[in-house]
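First comes the structure, then the notes that go with it.
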Amino acid sequence: MSSEQTKTKWGQFIPLVTVFFFWGFVAASNDILIPVFKKAFDLSQAESQLVSLAFYIAYTVGALIYNGISVIIGQDIVNKLGYKNSLALGLVISALGTLLFYPAANLHSFPLMLSGLFIVALGFSLQQTVANPLAIALGPITTGSQRLTLAGGINNFGTTIGPLIVSFAIFGSAANASTDISVESVKIPYLILGVAFIAVAIFLKMSSLPDRPALVEASVDDTKSIKGSALQYPQLVLGMIAIFVYVGVEVSTASNLPAYMEKDLGFAIKDIAPYISLYWASMMIGRWTGAVEAFTDNVSTQKVLRFIAPYLAFGIFLAVNAIAKHDLAPFYVYGLIILVLIAADMASKGNPARMLLIFSAIGIAALLIGMLTKGMISVYAFTSVGLFCSTLWPCIFTLAVSGLGKHTSQGSSFLIMMIMGGGIISWLQGVVSEATGIQYSYVVGIICFAYLAFYAWRVSGILRSQGISFDKKLSGGH
């Protein structure tokens, strides 16, 4: 690939990642809506987690609709409409969902609020189906997973500023924050978000993004892909469960954190947003660290960037919170925890199975520390889970679809379907919390990480038996 071709690919990649930003912005903003809705609608902790359930179950419903329509018309929807049209359609669907926030706020209707979030995520389901493989296709296959990790880093820029913006819209600035909670204050920012969805849909339609890119489905020759369905591959079936529990622990850790900080530690709801922002910023920190190979082949430069990238991302978190006039003093110590991430990333040596195993083990340790300590130590432990969830999506995705050959796109749609774990496991932890207390309900997350560690071990053997070596595959000659 010439330098000019490479430039063109990055020129196409930049507008694409706009949709990754939106996914993060809305998903993390849900963590602010949960305590607001809980108080405004007088909900139990389990009932408040219906926000996460409605949002993430839409991914499964969307995937089922997608596959159902594809069967009926006898052709894959994205192949029929094209990638740009499909992305634009997904954004329009999400925009329609934001419109429901206006009557929902006026009618003080929790079910209507949930319906709005459901439709927003329904659009996201189609966008995810298109954007994930497209991000991999816009450049050399050797850096495809790193490009997906980088797109995830942009996603987490949205998760970092989303809670702060929504919190500002509801409560005002940190210095002049109101303690009154009204769902009326939610409708305007979501209407503005809907306008942004439409604007980006138009922008993408006018961009140079390829409408029908030549997607690289797998590194294994299709002649080896002799099975009749993607579901006949154990790495995919076990990987579907892995995506379910991964998204579950990622979302439930953050969505139950406000209740823990408010009930057990005495925080006011208006003061929780910076910590939710820190959790999602931790995802950005980890993903920026894991994406350095997408920028350079030079090993020495990569080593330097592995230290620069995470602290640059951490600096962005500090900057946006400074702009929001939040006290930064409680967050400086978090810079030491980032060193654990860097060490774990270096120990993984680019192997997705090894990274999944190491990060899952540290995730279990972080949750145990959070459950067994008090005060700010427990808060930092819970927020650090974001660091160790950060790169697990591309790890699981890569492991699960490897060796599927012509069944890769079908396998990808099944993986997107399992994003519903974010809602179900969040709700499950809410139920457990009513029996054990919120702090000890994080045992649910420990179980999730334990399965991910098992998957990392098990899938390594499965892929080796199929002649797939990730150390060789992901090195790309670097």
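The values are calculated or read from the model by the stated rules, or taken from the named source; none is laboratory data. These numbers come from a predicted model, not from an experiment. Note that each Cβ is placed from the backbone with ideal geometry, even for glycine, and that neighbours are counted across all protein chains shown. Note: areas computed on protein heavy atoms with side chains; ligands, DNA, RNA excluded. Shrake-Rupley method; radii C 1.70, N 1.55, O 1.52, S 1.80 Å.
Have a look at A344, A329 and point out the one that is among the small types (G, A, S) and either in contact with a Gly (Cβ under 6 Å, 6 or more places away or on another chain) or surrounded by fewer than 19 Cβ atoms within 10 Å (Cβ to Cβ) (or both).
Of A344, A329, the one residue that is among the small types (G, A, S) and either in contact with a Gly (Cβ under 6 Å, 6 or more places away or on another chain) or surrounded by fewer than 19 Cβ atoms within 10 Å (Cβ to Cβ) (or both) is A329.
Conditions tested, residue by residue: (1) open to solvent by 30 Å² or more (accessible area, probe 1.4 Å); (2) without any contact (Cβ under 8 Å) to a residue 24 or more places away in the chain.
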position	(1), (2)
W427	yes, no
A435	yes, yes
Y442	no, no
Y455	no, no
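Taking only region 395-423 into account, find how many residues are farther than 22 Å from Y275 by Cβ and out of contact with any Gly (no Cβ under 7 Å at 6 or more places or on another chain).
So the count comes out to 20.
Determine whether A435 is part of a helix (DSSP H, G or I), at negative phi and at pLDDT below 95.
Yes; evaluated as a whole, the condition is true for this residue.
Looking only at region 42-76, count every residue that is free of Cβ contacts under 8 Å to residues at least 12 places away in the same chain and of a type in the set (S, T, N, Q) and tell me the total.
Residues in region 42-76 being free of Cβ contacts under 8 Å to residues at least 12 places away in the same chain and of a type in the set (S, T, N, Q): 2 in total.
With the requirement that a residue be of a type in the set (G, A, S), open to solvent by 10 Å² or more (accessible area, probe 1.4 Å) and either closer than 23 Å to A88 by Cβ or assigned to a helix (DSSP H, G or I) (or both), what does region 7-45 give you?
G11, A27, A40
S208 fails exactly one of the following numbered conditions: (1) at pLDDT 75 or above; (2) in contact with a helix residue (DSSP H, G or I) (Cβ under 8 Å, 6 or more places away or on another chain); (3) within 28 Å of L33 (Cβ to Cβ). What is the number of that condition?
For S208, the failing item is (3).
Of N155, N176, which residue is out of contact with any strand residue (DSSP E or B) (no Cβ under 9 Å at 6 or more places or on another chain), within 30 Å of S384 (Cα to Cα) and either modelled with pLDDT of 85 or more or open to solvent by 30 Å² or more (accessible area, probe 1.4 Å) (or both)?
From the options N155, N176, the qualifying one is N176.
Output the residues belonging to region 365-376 that are closer than 17 Å to T253 by Cβ and open to solvent by less than 40 Å² (accessible area, probe 1.4 Å).
Answer for region 365-376, where residues must be closer than 17 Å to T253 by Cβ and open to solvent by less than 40 Å² (accessible area, probe 1.4 Å): A366, L367, G370, M371, T373.
Within region 46-65, can you find the residues that are surrounded by fewer than 20 Cβ atoms within 10 Å (Cβ to Cβ) and of a type outside the set (V, I, T)?
Matches in region 46-65: A46, E47, L64.
I'd like the residue in region 336-352 that is of a type in the set (G, A, S) and over 22 Å from the mean Cα position of the chain (by Cα) and, out of all such residues, is farthest from F157 (Cα to Cα).
A347
Among the residues of region 347-354, are any open to solvent by 50 Å² or more (accessible area, probe 1.4 Å), on the phi > 0 side of the Ramachandran plot and assigned by the TED database to the domain that holds M284?
Checked region 347-354: at least one residue is open to solvent by 50 Å² or more (accessible area, probe 1.4 Å), on the phi > 0 side of the Ramachandran plot and assigned by the TED database to the domain that holds M284.
Is one or more of the residues making up region 413-425 at pLDDT below 90, part of a helix (DSSP H, G or I) and polar (S, T, N, Q)?
Yes, some residue in region 413-425 is at pLDDT below 90, part of a helix (DSSP H, G or I) and polar (S, T, N, Q).
Given the structure, is V92 at pLDDT 90 or above and out of contact with any Leu (no Cβ under 9 Å at 6 or more places or on another chain)?
Here the answer is yes, as V92 does meet what is asked.
If I go through region 179-190 residue by residue, how many of them are modelled with pLDDT of 80 or more and either more than 28 Å from the chain's Cα centre (by Cα) or open to solvent by less than 50 Å² (accessible area, probe 1.4 Å) (or both)?
Going through region 179-190, the residues modelled with pLDDT of 80 or more turn out to be 187-190.
So of that shortlist, the ones also either more than 28 Å from the chain's Cα centre (by Cα) or open to solvent by less than 50 Å² (accessible area, probe 1.4 Å) (or both) come out as 187, 189-190.
The qualifying residues number 3.
Yes/no per residue for (1) of a type outside the set (F, W, Y); (2) open to solvent by less than 40 Å² (accessible area, probe 1.4 Å); (3) within 18 Å of the chain's Cα centre (by Cα):
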| residue | (1), (2), (3) |
| --- | --- |
| I241 | yes, no, yes |
| V245 | yes, yes, yes |
| L257 | yes, yes, yes |
| I272 | yes, yes, no |
| R287 | yes, yes, yes |
| V299 | yes, no, no |
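How many of the residues in region 394-411 are assigned to a helix (DSSP H, G or I) and crowded, with 24+ Cβ neighbours inside 10 Å?
Final tally of qualifying residues: 8.
Please indicate, with yes or no, whether at least one residue in region 77-100 is in contact (Cβ under 8 Å) with a residue 60 or more places away in the chain, open to solvent by less than 20 Å² (accessible area, probe 1.4 Å) and on the phi > 0 side of the Ramachandran plot.
Yes, because at least one residue in region 77-100 is in contact (Cβ under 8 Å) with a residue 60 or more places away in the chain, open to solvent by less than 20 Å² (accessible area, probe 1.4 Å) and on the phi > 0 side of the Ramachandran plot.
Among the listed residues S360, S384, S433, S390, which satisfies the condition of being more than 19 Å from G152 (Cα to Cα) and hydroxyl-bearing (S, T, Y)?
S433
Need pairs with beta-carbon distance below 6 Å; first residue within 22 Å of V166 (Cα to Cα) and within region 320-340, second modelled with pLDDT of 90 or more and crowded, with 16+ Cβ neighbours inside 10 Å; sequence gap 6+ or separate chains.
L328/L318
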